[in-house]
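See structure below.
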Amino acid sequence: TSIGVNGSGCPAGTAYYVLSTDRTAVTVTFSNFYALAGPDVSISENRKNCQIALGVRIPGGFSFGIATVDYRGYYQLDAKVTAVQQAKYYFQSQLTQATARSTLTGPVNGADYTYRDQFDLTATVLSPCGANAVLNIVSSLQISNAANKSGSGYIATDSVDTKLQQTFGFQWLKC
């Protein structure tokens, strides 16, 4: 198994990962995955993304898919400011993809969030049978103060220790 990260929310040196000993889960920790909006904030800060590429060795007779993905974070939104946490999942060179999206609307004076993207094995994005594959997970954070130009907001994929964290659970299927 190999992993790579790339994007405006995970520049070099700001993302780390741990693969479980049984190789059924991986946790990716970020230190720079957040988006901001406000009257004095550059529009380039309104959207951040991070693409995670997981290289997976798949034994003959098996296929691989995602069971769950957990996102933990923190957000603060003035009235009418909105934040979106979204993820797309797909295997390289495959057409099928899955998308999960969560929208938050202010006012919220600072709160933690936890989202779980959960997939049914028969409906989820599956790797080719018995072939090594690269699973791409493109996570994005977006924030908008279009409905309240004087409003501000912040969203980060974050854990209790102020690191950013995603946990992925995998499913194997005989094919």
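The values are calculated or read from the model by the stated rules, or taken from the named source; none is laboratory data. As the structure is a prediction and not an experimental result, all values here were calculated from the model. Cβ: placed from backbone, ideal geometry, glycine included. Neighbour counts: every protein chain shown. Surface areas here come from the heavy atoms of the whole protein model, side chains and all, with no ligands, DNA or RNA. Shrake-Rupley method; radii C 1.70, N 1.55, O 1.52, S 1.80 Å.
How many percent of the accessible area of region 36-132 is carbon or sulfur, using a 1.4 Å probe? Write down the numbers at each step before the final one.
Values: 2370 of 5040 Å².
So the carbon and sulfur contribution to the accessible surface is 47 percent.
At 20 °C and a viscosity of 1.002 mPa s, what translational diffusion coefficient does Stokes-Einstein give for region 57-111, taking Rh as the Kirkwood radius over Cα pairs? Give it in µm²/s as a whole number. Mind dumping the intermediate values first?
Numbers: Rh = 14.2 Å.
The estimated diffusion coefficient comes to 151 µm²/s.
Hey, can you find the accessible area per residue of the chain for me, probe 1.4 Å, expressed in square angstrom? Intermediate results must be reported in sequence, preceding the final value.
Values: 8790 Å² over 175 residues.
Spelled out: the 1.4 Å probe surface of the chain, per residue, equals 50 Å².
If contacts are Cα pairs under 8 angstrom and at least 6 residues apart, what is the relative contact order of the chain in percent?
Details: 484 pairs, mean separation 62.2, N = 175.
Reported relative contact order: 36 percent.
Go ahead and run the numbers for FRET between Asn6 and Thr105, Cβ-Cβ distance against an R0 of 25 Å, rounding to 0.05. All intermediate terms of the calculation are to be shown ahead of the outcome.
On the way: r = 30 Å, r/R0 = 1.20.
Once rounded, the FRET efficiency stands at 0.25.
Any idea what diffusion coefficient region 1-65 gets from Stokes-Einstein, in µm²/s, Kirkwood Rh on alpha carbon pairs, 37 °C, 0.692 mPa s? Present the calculation step by step, with values, prior to reporting the outcome.
Working: Rh = 14.0 Å.
Translational diffusion coefficient: 235 µm²/s.
Which length gain, in nm to one decimal place, applies between Phe62 and Ile43 when the Cα-Cα distance is subtracted from 0.36 nm times their residue separation? Could you put the intermediate results ahead of the total?
Details: separation 19, 0.36 × 19 = 6.84 nm, distance 4.48 nm.
2.4 nm is the gain from fully extending Phe62 to Ile43.
For Ala25 and Gln94, FRET efficiency with R0 = 22 Å and r from the beta-carbon atoms, rounded to 0.05? It would help to have the intermediate numbers written out before the result.
Working: r = 22 Å, r/R0 = 1.00.
Plugging the Cβ-Cβ distance into 1/(1 + (r/R0)^6) gives 0.50.
Quick one, can you get me the convex hull of the C-alpha atoms of the chain expressed as volume per residue in Å³?
Working: hull volume 20.0 nm³, N = 175.
That works out to 114 Å³ per residue.
Quick one: putting +1 on the C-beta of Lys and Arg, -1 on the C-beta of Asp and Glu, what dipole do you get for the chain around its Cα centre, in Debye to the nearest 20?
340 debye
Residue separation times 0.36 nm, minus the C-alpha to C-alpha distance between Cys129 and Asp112: what's the value? Could the numbers behind the result be given before it?
On the way: separation 17, 0.36 × 17 = 6.12 nm, distance 3.89 nm.
Extra length available between Cys129 and Asp112 comes to 2.2 nm.
In region 34-111, if the dipole is taken from +1 on Lys/Arg beta carbons and -1 on Asp/Glu beta carbons about the Cα centre, which of Ile43, Val84, Gly106 is farthest to the positive end?
Val84
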